[in-house]
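Read through the structure below, which is laid out as C-alpha cells, and then see the notes.
The values are calculated or read from the model by the stated rules, or taken from the named source; none is laboratory data. Please read these numbers as outputs of a predicted model, since none were measured by experiment. All Cβ positions, glycine included, derive from the backbone under ideal geometry; neighbour counts span all protein chains shown. In case anyone asks, the SASA skips ligands and DNA or RNA and just uses the protein heavy atoms, side chains included. Shrake-Rupley method; radii C 1.70, N 1.55, O 1.52, S 1.80 Å.
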Amino acid sequence: MQSDRSVDEVLSTAKLAGLKLKPNAGPVQVLKFSPALNSVDYRLVELPPQLQDALQTGEKVVFRGDEQDEAVLCSQTETHEMKVVDLSNTMLLCPRLSTPEDGSFKLQSPEDAVERLDVCASVSSYYELRPCRPRLTKLKQMLKLTAYRGPEAENDHVKLYSLEDLLGSVQASEDELLTALQHLGAFETNGKWRVLDIQYEEAVFLSILNLLDEKMWSYESVPLLECYALLEELYPRLFPT
C-alpha cells in the first residue's frame, strides 16, 4: 500500500472493499511493510499469569542455559520450559498500531488524520511456557568436579563456582537452586559453593568414631569444641567456630 495516500483515497479504497469507515472516528492507519519483515529479531511468548505478575511487580525473570541447552525461563521461584507452537495464520507485528478500544485512538489534529506505520516483522509461531522441574544434572557435575578433598588436594587452577556462576549455567530458579544445594549437603566458603568428597567425608567420620571410642564419649553427647581441637591438625576447619 502506498504510504502517501490521503484520507479520501483511503476511504475510497475501503468503500470498494465493502468496509464502512467513519472519517472522524479516529486516525486512518496506513501500513507499510518494513524491509526487515522476515527478520528473526522478534519472538512472541505467551506468559502464564504468575510470570505476568512477576514482570509487573518488577521481579527478575531470566532465560537460563548454555548454548547446547534448550532455554528455560526462570522467575525467582519457578522454572518454565519453552515449547514452539506453530500458528495457523501469520501474524504481523506493528508496534504503534492502535484500535478503537485504546484511549489514544482519536484525532489530535487534522494533520494526524493519516498515520503511516511500519509492519516490523511477521511471525508464524510463538513460545508456550510450561512449569517444569529444575534441571540439576549440571549442578551435580559442577560440584563433583570441585569437591573438597582436604587442604593438600586444593588446586588454584581448579575453577570454583559462586552462586552467580551456578545461576549462569544451571537451569533452575534461584530458590530452587538454593534448595538443591541444601539437599546435596553443599556449603559456601569464601564465596564459593562446594561439597565434601565422599572419601574425605568418610575419613573424617571414621576419625570421629575412633576418637569417641578412645575418649569413651557418649554418642549422644559429644563435646564438639574438644573434638574439633583434637582433629584440627588432620582436618583443618573450613569455618570458624
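Most tightly packed first, judged by the mean number of other beta-carbon atoms within 10 Å of their residues, the peptides 29-36, 190-197 read 190-197, 29-36.
Only aspartates and glutamates eight or more places from residue 32 in sequence, or on another chain, were considered; those with a Cα closer than 13 Å are 4, 115, 118. Averaging the Cα positions of each part gives two centres, and for the stretch 178-229 and the stretch 150-166 these lie 19 Å apart. Straight-line cross-link reach from residue 215 at under 12 Å between alpha-carbon atoms covers these aspartates and glutamates, not counting any fewer than eight positions away in the same chain: 226. Protection proxy ranking, highest mean first, for peptides 125-138, 171-184, 51-64, 216-229: 171-184, 125-138, 51-64, 216-229, where packing is the per-residue count of other beta-carbon atoms within 10 Å, averaged.
Taking only protein heavy atoms and a 1.4 Å probe, what accessible area per residue, in Å², does the chain have with all protein chains in place?
Computed with neighbouring chains in place, this is 69 Å² per residue.
Could you please state how large a percent of the accessible area of the chain is carbon and sulfur, counting protein chains only and using a 1.4 Å probe?
Values: 8570 of 16720 Å².
Exposed carbon and sulfur together represent 51 percent of the surface.
Each Lys and Arg Cβ is given +1 and each Asp and Glu Cβ -1; about its Cα centre, the chain then shows a dipole of about 1140 debye.
Legend: distances between Cα atoms for 138/192; 83/144; 138/159; 144/192; pairs beyond 22 Å are 83/144.
Computed per residue of the chain from DSSP H runs no shorter than four, each worth -39500 (n - 2.57), the mean residue ellipticity at 222 nm is -8500 deg cm²/dmol. Think of the chain as having a plus end and a minus end, set by charges on the Cβ of Lys, Arg, Asp and Glu; of 52, 182, 31, 31 sits farthest toward the positive end of this dipole. Quotient of the Cα radius of gyration of the chain and 2.2 N^0.38 Å, N being its number of residues: 1.76.
Packing order of peptides 88-94, 142-148, highest average first: 142-148, 88-94 (average count of other Cβ atoms within 10 Å over each peptide's residues). With a Förster radius of 45 Å applied to the beta-carbon distance between residue 42 and residue 169, the computed FRET efficiency rounds to 0.95.
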